């Protein structure tokens, strides 16, 4: 019995490894073929092109982010939402290349069903937590989208050095706390 992953999964895993090692620009069909030790044409038997491959890779990032919900502590909804927000920022800081790719719609096939399903699962879970935690008289999905955008911006600025090292924010913890208070205070 062959326990190796299917060829498509091996190519995705190879693309993830290449993404983490060299960044999104290195993830080409030819680069993946070389990295995984297959012929240059092999990736085209499993992916219509680079956008489809990158979409499959980005979907794995969303799946990993979604899986982190299992580690959220039990407790009041606000505490769970704060932990999820912290988990989002931690994911971004710990996986900068994947984080970048997941939102590079210029490189992805945004109509890809697997990518849509994976990213929607993350947002829907985030919106459920927001609905349970929010005391505001506003559509919780709108609050969740706005909070997500703020968290994303905070993480991106930190990764790009826009806030890192600022005297008023020696770590990301303080700006994160301010962001959460702005959205979750009554």
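The values are calculated or read from the model by the stated rules, or taken from the named source; none is laboratory data. It should be emphasised that the depicted structure is a prediction, and the values quoted were computed from it without experimental measurement. Every residue, glycine as well, gets a Cβ built from its backbone with ideal geometry; the counts of neighbours run over all protein chains shown.
Taken over the stretch 59-73, the residue count meeting the criterion of being more than 23 Å from residue 109 (Cβ to Cβ) and in contact with a helix residue (DSSP H, G or I) (Cβ under 8 Å, 6 or more places away or on another chain) is 5. Among what's in the stretch 21-39 and is surrounded by 12 or more Cβ atoms within 10 Å (Cβ to Cβ) and over 17 Å from residue 56 (Cβ atoms), pick the residue that is farthest from the chain's Cα centre (by Cα). This residue is 34.
Answer with yes or no whether residue 137 is part of a loop (DSSP other than H, G, I, E, B) and crowded, with 18+ Cβ neighbours inside 10 Å.
no
The numbered conditions (1) modelled with pLDDT under 90; (2) surrounded by 18 or more Cβ atoms within 10 Å (Cβ to Cβ) are all true for residue 155 except (1).
Taken together, the criteria place residue 84 among residues that are in contact with a helix residue (DSSP H, G or I) (Cβ under 6 Å, 6 or more places away or on another chain) and within 30 Å of residue 128 (Cβ to Cβ).
Restricting 176, 163 to those that are surrounded by 15 or more Cβ atoms within 10 Å (Cβ to Cβ), outside any helix (DSSP H, G or I) and touching a helix residue (DSSP H, G or I) at 6+ places or on another chain (Cβ under 8 Å) reduces the list to 163.
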